[in-house]
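Okay, structure first, notes after.
The values are calculated or read from the model by the stated rules, or taken from the named source; none is laboratory data. Keep in mind the model is a prediction, meaning the values are calculated, not measured. Here the Cβ positions follow ideal geometry from the backbone for every residue, glycine too, while neighbour counts run over all protein chains shown.
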Amino acid sequence: MKAVVLLSGGLDSATCLARAVEKYGNENVVALNAYYGQKHAKEMECAENIARHYGVRYLKMDLKEVMKYSDCTLLEGNGAIDKRSYAEQMEDSNTVSTYVPFRNGVLLSVAAAIALSVGANEVWYGAHQDDAAGSVYPDCSKKFADYMNEAIYEGSGRRVKLCAPFIDINKAGVVKEGLRLSVPYEMTWSCYEGGDKPCGRCGTCIDRIKAFKANGKEDPLCYE
């Protein structure tokens with residue numbers, strides 16, 4: 001078996017990569033990173049370093065042209081990042097301003113095409129319950145993953161499947177698994193801002209800090 005893992009450089013995807021390497025060995029894992037105009041492009045540097053750490057093949061793709069029509073605040077030139085928890089943001093809208101339109105659908109489709117090209121049987125991504133809760137990021141839900149698995153399987157001639165190993169657990173559970181796997185979390189980046197240090201105030205920073213505390217651990221990153 002061989003897997004293509006979507007690797008953003010963040011906590012969840014790094015843990016997903018570690019899980020795939022544990023299962024199949026680094027020689028059978030390909031890490032795939034995407035640039036889509038995100039403000040936190042620093043995450044891409046982290047992805048490359050993490051891939052090197054695990055000794056896996058590393059591929060990059062540029063999807064900026066696909067996303068350039070969106071007013072999502074996660075993208076360059078589109079306003080300030082909301083410095084509130086996801087729960088607070090959801091009180092004002094059905095989703096959050098950092099939701100990139102159908103991003104995971106696009107990424108998984110591209111990953112499936114690459115999987116077929118490199119002889120891989122699976123595509124992995126690190127979606128979890130907290131991101132899907134209340135449609136914060138609707139393309140992280142279990143229903144979405146199930147339907148994408150069907151589409152990928154049928155569209156690949158039943159040669160590639162989707163694997164979402166954390167779809168039934170929360171972010172604290174992802175960190176717990178990562179600690180077991182000794183994931184180098186000091187090499188990851190989750191903050192939506194592109195500064196020298198994570199802000200500690202955006203939705204993803206808030207969730208990350210809480211996830212480590214839930215495991216009785218301190219996040220190894222130094223925040224502003």
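Results for (1) of a type in the set (Asp, Glu); (2) within 24 Å of Val4 (Cβ to Cβ); (3) modelled with pLDDT of 95 or more, shown as yes or no for each residue.
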position: Gly155; (1), (2), (3): no, yes, yes
position: Arg158; (1), (2), (3): no, yes, yes
position: Lys161; (1), (2), (3): no, yes, yes
position: Leu179; (1), (2), (3): no, no, yes
position: Trp189; (1), (2), (3): no, yes, yes
position: Gly194; (1), (2), (3): no, no, no
position: Pro198; (1), (2), (3): no, no, yes
Residue check, Ala214 more than 23 Å from Cys72 (Cβ to Cβ), modelled with pLDDT of 95 or more and not hydroxyl-bearing (Ser, Thr, Tyr): yes
Within the range 43-67, considering residues that are part of a loop (DSSP other than H, G, I, E, B) and surrounded by 13 or more Cβ atoms within 10 Å (Cβ to Cβ), the one farthest from the chain's Cα centre (by Cα): Val56
Checklist (1) surrounded by 16 or more Cβ atoms within 10 Å (Cβ to Cβ); (2) closer than 25 Å to Ile167 by Cα applied to Lys39, failing item: (2)
Enumeration of residues in the range 86-121 that are part of a loop (DSSP other than H, G, I, E, B) and at pLDDT below 85: Glu91, Asp92, Ser93, Asn94, Thr95
Close pairs (8 angstrom Cβ cut-off, 6 or more residues apart or separate chains): within 15 Å of Leu116 (Cβ to Cβ) in the range 144-170, acidic (Asp, Glu) and modelled with pLDDT of 95 or more anywhere: Val160/Glu122; Lys161/Glu122; Leu162/Glu122
Any chance Glu150 is touching a Pro at 6+ places or on another chain (Cβ under 8 Å), at pLDDT 95 or above and of a type in the set (Asp, Glu): no
Unmet criterion (only one of (1) surrounded by fewer than 18 Cβ atoms within 10 Å (Cβ to Cβ); (2) within 17 Å of the chain's Cα centre (by Cα)) for Tyr185: (1)
Residues satisfying the stated conditions in the range 1-42, i.e. part of a helix (DSSP H, G or I), touching a residue at least 24 places away in the same chain (Cβ under 8 Å) and closer than 18 Å to Val174 by Cα: Leu11, Asp12, Ser13, Ala14, Thr15, Cys16, Leu17, Ala18, Arg19, Ala20, Val21, Glu22
Count of the range 60-75 residues which are in contact with a helix residue (DSSP H, G or I) (Cβ under 7 Å, 6 or more places away or on another chain) and in contact (Cβ under 8 Å) with a residue 40 or more places away in the chain: 3
Breaking point among (1) over 13 Å from the mean Cα position of the chain (by Cα); (2) over 18 Å from Lys161 (Cβ atoms), for Asp12: (1)
Looking only at the range 190-224, and only at residues there that are assigned to a helix (DSSP H, G or I) and hydrophobic (A, V, I, L, M, F, W, C), the one that is surrounded by the fewest Cβ atoms within 10 Å (Cβ to Cβ): Ala214
